[in-house]
Amino acid sequence: MKIWLRLTAILFCFVTAGCWDQQPLKDDNLVYGVAVDLLENQKLLSTAVVRTIKLGSTGAQNYQIDNLTITAKGETMRDMRMKIGRKLGGEYAANKARVILLGEKLAENNIYPILDILYRDPKNSLGAKLIIAKGKAGNILKLQSVNDTLIAEELLEIIESGEEATNTPKETVQSICPVMLDPGQDFALPYMYITKNNEVELSAIALFHNQKFTGITAKGAEATILLLMRNEMGKTARFTIKAYPKEKQYRNRFISIQTVKMKRNMKITPKKDGVIQVDLNLHLNVSVKEHPQGAVDTDSTLLKLNKLLSEQFTKKTKQAANLLQEANCDFLGIGRKLMAYHPETWKSLDKKNYYQHVQIKPKVKIKIVGHGILE
């Protein structure tokens, strides 16, 4: 009896061997990039970049990787996917998508209905980078390639480089989902456009309130300062500051520094008059990378520069805080802190416009800890 049971078990293993849920890549059309724009009639226009492999005359050893750009109009994301799938003659596979671009007009309406499909299907790429495009997002993907690099890879490289340089926040489709649904916190996404030379540039970060792009962007150093205010720094953060505006020689007016280490302290205090005071202290240890006026090794020069840079950065941080106020964007998550530590105050606030009562008082302290090999 035991022998028959063993034989049956062995035969059963042979019969049931294999994966019943397999999905061969050869049957899929791999989508590496998607762009979505809003048309005047409220319909959507989707542009998809599909990876194709062209075999040469010598067979598999000689092949060329290229992009196939396909567009479709529709009412929803699923509707457009089905239409693109009909044109491809195969399965629309978005699990390899590197980037998803949204036109600025579409983003100003609401981005959650566009992303909803991505959260419901486990085959989608939740690690894809989200980008807000100036003008039509589809125009960026239609470039096909930039500097001999396929467009999806080029966009991903630009974003990752911007994250390392603290020029744009590290956000993905997955990371912004809980923030979009959180009434006490907002977010920002990279903002890109096509230059006159048909190149793509990361020019700013787009500030959001709830699930809508506010139309306001933070550019250059302002974007980096906002990220530091949020206690977020990549591998480096560089600044060029006009430290000596009265200097006769134009080039000598500037100093370039690189942030080596940072520390942020934020204290939130609700006041009786309804104002929510936020004391934000930022301590930056920096290294001098360029100082045309000469050496910075003496104690007197270092003290002077530390004070000068601290004043300049405090002023710039105030300007960045005012930009958040203008956009009604709680990029620092102050509402979330109120929920946790001041729940009674949070209950009494208007959840849509509470950020207008926030008063940020920044103070930046700069300390030069290095100045290169030049004495």
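For the reader, a short list of remarks on this structure follows.
- From the list ILE276, ILE225, the one residue that fits, being crowded, with 20+ Cβ neighbours inside 10 Å and over 25 Å from the mean Cα position of the chain (by Cα), is ILE276.
- Matching option when the condition is among the hydrophobic types (A, V, I, L, M, F, W, C) and part of a loop (DSSP other than H, G, I, E, B), among LEU130, LEU143, LEU155, LEU207: LEU143
- Residue list for the stretch 250-278, restricted to those being over 25 Å from LEU349 (Cβ atoms) and either without any contact (Cβ under 8 Å) to a residue 12 or more places away in the chain or among the acidic types (Asp, Glu) (or both): TYR250, ARG253
- Condition check for ILE257: more than 23 Å from VAL369 (Cβ to Cβ), of a type in the set (Val, Ile, Thr) and buried (at least 18 other Cβ atoms within 10 Å of the Cβ): no
- Options ARG78, ARG86; residue that is part of a helix (DSSP H, G or I), at pLDDT 85 or above and not β-branched (Val, Ile, Thr): ARG78
- Filter result (farther than 25 Å from THR217 by Cα and in contact with a helix residue (DSSP H, G or I) (Cβ under 8 Å, 6 or more places away or on another chain)) within the stretch 289-329: PRO292, GLN293, ALA295, VAL296
- Evaluation of ALA320 against the conditions (1) within 13 Å of MET229 (Cβ to Cβ); (2) modelled with pLDDT under 95 shows that the sole unmet condition is (2).
- For ALA60, the conditions (1) more than 21 Å from ASP121 (Cα to Cα); (2) at pLDDT below 80; (3) surrounded by 15 or more Cβ atoms within 10 Å (Cβ to Cβ); (4) of a type in the set (A, V, I, L, M) are fulfilled apart from (3).
- Residue match in the stretch 312-332 (condition: surrounded by fewer than 19 Cβ atoms within 10 Å (Cβ to Cβ), touching a Leu at 6+ places or on another chain (Cβ under 7 Å), among the polar types (S, T, N, Q) and touching a residue at least 12 places away in the same chain (Cβ under 8 Å)): no
- Meets criteria (in contact (Cβ under 8 Å) with a residue 12 or more places away in the chain, of a type outside the set (Lys, Arg) and in contact with a Ser or Thr (Cβ under 9 Å, 6 or more places away or on another chain)) for ILE176: no
- Of everything listed in (1) hydrophobic (A, V, I, L, M, F, W, C); (2) buried (at least 18 other Cβ atoms within 10 Å of the Cβ); (3) touching a residue at least 40 places away in the same chain (Cβ under 8 Å), the single unmet condition for ALA165 is (2).
- The residue of the stretch 337-370 that is surrounded by the fewest Cβ atoms within 10 Å (Cβ to Cβ), among those that are among the basic types (Lys, Arg) and out of contact with any Pro (no Cβ under 9 Å at 6 or more places or on another chain), is LYS347.
- Residue match in the stretch 123-133 (condition: in contact (Cβ under 8 Å) with a residue 24 or more places away in the chain, in contact with a Phe, Trp or Tyr (Cβ under 7 Å, 6 or more places away or on another chain) and surrounded by fewer than 18 Cβ atoms within 10 Å (Cβ to Cβ)): no
- Only one of the listed residues (GLY335, GLY274, GLY294, GLY372) is part of a loop (DSSP other than H, G, I, E, B) and closer than 30 Å to LEU181 by Cβ. That residue is GLY274.
The values are calculated or read from the model by the stated rules, or taken from the named source; none is laboratory data. All of these numbers come straight from a predicted model, not from anything done at the bench. All Cβ positions, glycine included, derive from the backbone under ideal geometry; neighbour counts span all protein chains shown.
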